[in-house]
1. Which residues, counting only those in segment 183-203, are modelled with pLDDT of 90 or more, assigned to a helix (DSSP H, G or I) and either among the β-branched types (Val, Ile, Thr) or over 12 Å from Arg230 (Cβ atoms) (or both)?
2. Here are some residues: Leu97, Leu121, Leu107. Which one is assigned by TED's automatic domain parsing to the domain that holds Ser15, more than 21 Å from Gln26 (Cβ to Cβ) and touching a helix residue (DSSP H, G or I) at 6+ places or on another chain (Cβ under 8 Å)?
3. Which residues, taken from segment 243-275, are without any contact (Cβ under 8 Å) to a residue 60 or more places away in the chain and hydroxyl-bearing (Ser, Thr, Tyr)?
4. What is the one condition in (1) more than 24 Å from Val126 (Cβ to Cβ); (2) part of a loop (DSSP other than H, G, I, E, B) that Met1 does not satisfy?
5. Are there any pairs with C-beta distances below 6 angstrom linking a residue in segment 29-44 that is free of Cβ contacts under 8 Å to residues at least 60 places away in the same chain and in a loop (DSSP other than H, G, I, E, B) to a residue that is among the hydroxyl-bearing types (Ser, Thr, Tyr) and surrounded by 15 or more Cβ atoms within 10 Å (Cβ to Cβ), with the two at least 6 apart or on different chains, and if so which?
6. Output the residue which, of all residues in segment 219-251 that are polar (S, T, N, Q) and out of contact with any Lys or Arg (no Cβ under 9 Å at 6 or more places or on another chain), is surrounded by the fewest Cβ atoms within 10 Å (Cβ to Cβ).
7. Can you find a residue in segment 109-131 that is modelled with pLDDT under 95 and in contact with a Pro (Cβ under 8 Å, 6 or more places away or on another chain)?
8. In segment 80-97, which residues are over 24 Å from Thr7 (Cα atoms) and either buried (at least 20 other Cβ atoms within 10 Å of the Cβ) or touching a residue at least 24 places away in the same chain (Cβ under 8 Å) (or both)?
Amino acid sequence: MLRSSYTIRSEEQASMLLFDSIGWEQAETPAYSFNGQNRTERSCVIFQYTLSGEGRIEIDGVVHPLTKGKAFLVTVPSIHRYYYPEEGTEPWEFIWLNVRGPLAISLWNQLIAHGGPIIELPQESVPMDLLWSMFKDIQVDEERDLHFLTGKTFQWILSMEKYLKKPNLLTTYIKNDKLHAAIQFMKNDLHNNNLSLDDVAAHVGISKHHLCRLFQKNINLSPFEYLRRRRIELAASMLKTTDQTIYQIAVDTGFDNASYFGKVFRSYFGVSPSTYREQDLEFLSKHVFFEN
């Protein structure tokens with residue numbers, strides 16, 4: 001097989017989870033750099049595994065080396081940047097998988113919550129065998145059936161779940177019931193700019209201090225930061241998928257005013273909401289195919 005990358009697209013853009021693209025590539029210069037705040041893709045997730053050499057990923061201000069056998073899991077948009085380091089001395093070779101849809105984001109977030117955003121996998125593991133099998137299906141066997149590839153993507157996710165030795169993610173999104181209830185309550189009330197930590201804690205029947213500990217232990221975020229991220233993610237999606245004014249989007253996602261919303265949005269994405277809305281979508285791969 002040869003290094004390359006492939007995207008499969010169809011009219012079915014609103015599915016809960018769809019295979020999007022896969023690639024086997026290498027980077028050799030610092031020009032290879034992707035910022036999760038500035039990318040124009042929405043509702044997608046990425047898995048990238050280092051085959052040789054070394055890359056880096058910065059997540060929430062912490063830089064992690066990506067040496068052979070290490071992989072990262074990220075959602076887009078989110079606060080991260082992966083890149084070829086300026087001091088690099090050899091090519092960074094990797095294979096990656098991109099998946100779209102709200103279910104993909106939910107499952108990725110749970111894999112991250114259970115195993116962290118950086119994981120180690122043997123090249124001879126079941127998840128890696130399945131990933132290479134998908135790549136072969138497209139490059140060698142010229143597979144273009146999006147539903148077939150999406151089925152193999154589900155199989156890959158389940159293999160990752162088994163590798164991490166965690167409960168079934170398709171039926172148990174979050175192991176802790178109190179945390180799950182708190183997250184669902186917050187997601188259902190993103191528009192409420194008066195939502196407080198006391199409100200969330202009271203809803204699930206625990207103290208706010210216990211609630212903070214649950215979030216830090218399982219998600220490594222404070223409840224406030226988690227809520228703000230979900231609001232910004234929703235706002236980013238609305239900017240791309242609706243014609244609502246920026247003011248209305250700000251209000252609908254729990255911000256007091258458009259000015260504050262713009263300030264927070266820029267801190268995550270590096271651009272204003274209006275600039276983000278005007279950006280064109282970009283493909284991740286070299287070859288884009290539309291399903292037959």
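The values are calculated or read from the model by the stated rules, or taken from the named source; none is laboratory data. Quick caveat: nothing in here was measured; it's all calculated off a predicted structure. Every residue, glycine among them, receives a Cβ derived from its backbone with ideal geometry; neighbour counts consider all protein chains shown.
1. Within segment 183-203, Leu197, Asp198, Asp199, Val200, Ala201, Ala202, His203 meet the criteria.
2. It is Leu107.
3. Initial filter on segment 243-275 (without any contact (Cβ under 8 Å) to a residue 60 or more places away in the chain): 243-250, 257-267, 272-275.
If the condition is that a residue be without any contact (Cβ under 8 Å) to a residue 60 or more places away in the chain and hydroxyl-bearing (Ser, Thr, Tyr), then Thr245, Tyr247, Ser259, Tyr260, Ser267, Ser272, Ser274, Thr275 are the ones that fit.
4. (1)
5. Partner pairs satisfying both residue conditions: Pro30/Tyr84; Gly36/Ser78.
6. Initial filter on segment 219-251 (polar (S, T, N, Q)): 220, 222, 237, 241-242, 244-245, 248.
Subset that is out of contact with any Lys or Arg (no Cβ under 9 Å at 6 or more places or on another chain): 220, 222, 242, 244-245, 248.
Numbers: Asn220: 15, Ser222: 14, Thr242: 12, Gln244: 13, Thr245: 10, Gln248: 13.
Ranking the candidates gives Thr245 first.
7. Yes, segment 109-131 has at least one match.
8. Within segment 80-97, the first condition is being over 24 Å from Thr7 (Cα atoms), and the residues that meet it are 85-90.
Matches in segment 80-97: Pro85, Glu86, Gly88, Glu90.
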